[in-house]
Amino acid sequence: MSNVGPGVRPHLTVNGGDAAIDFYRKAFGAEEIHERVRGDDGKRLLHGEIKIAGTVVYICDDFPEHCGGKSRTPDALGGVPMVLHQCVPNCDAAMDRAVKAGAKVLMPADDQFWGDRYGVVEDPFGYQWSFSHPLKR
C-alpha cells in the first residue's frame, strides 16, 4: 500500500478487480496510483489503489477464504448500506459519463429541495455513487 498520508479510504471488494479499476477509470477519471498486487493464486487482485477526485480508493477481489468463508461483495451481501458521493461541476455530465461506462441510473439527476442537482447510479460491481452540484440561487 502506498504511503499517501492520513485519511479515510473506502475499500471496495468486488468480483473482478481488474475490470473494476478499468470501469472507474472510464466512469470517474480514476487514476491508478499503485501497482496491482495479486493474491497467491496469481489471478485475483489482492490490492489495487486508485484516486478519484483526490480521494484514494482501495480495490480488491473477493477472498472469502480470508473472511470466515463469507463473500463480501455487494451481490453476496444483498447490496451495501452506503453511497459513495462526489461533488462535481456538472451532475448530469458525471452521470452520463458513468452510464456510458456501464453504470445504471437509480435516481435520475434532478433539482433537489436542499439546493443541489443530485442523482445516483449503480456501478457494475454493486456500489452506488451519487453526484451533485449546487444550484445557482
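Read-outs throughout are calculated quantities, based only on the coordinates presented, and are distinct from any laboratory measurement. Fair warning: this is a prediction, and the values are worked out from it, not measured in the lab.
If the segment from Asp40 to Met107 were pulled out straight at 0.36 nm per residue, it would be longer than the present Cα-Cα gap by 20.2 nm. Kindly count the pairs of lysines across the chain whose alpha carbons are less than 26 Å apart, treating pairs on different chains or eight or more residues apart as eligible. Lysine pairs meeting the criterion: 8.
Length available on full extension from Arg9 to Met82: 0.36 nm per residue minus the Cα-Cα distance, which gives 24.9 nm.
Under 5 Å from the amide H of Ala30 lie the amide H atoms of Arg25, each residue being 5 or more positions distant or on a separate chain, with H modelled from the backbone and absent for Pro and chain starts.
Rounded to the nearest 5, the antiparallel percentage of DSSP beta bridges internal to the chain is 75%.
Rounded to the nearest Hz, the phi-derived 3J(HN,Hα) couplings of the stretch 31-42 under the Karplus curve 6.51 cos²θ - 1.76 cosθ + 1.60 (θ = phi - 60°) are 10, 7, 10, 8, 4, 5, 10, 8, x, 4, 6, x, where x marks glycine and proline. Multiplying the residue separation of Cys67 and Arg25 by 0.36 nm and removing their Cα-Cα distance gives an extension gain of 12.3 nm.
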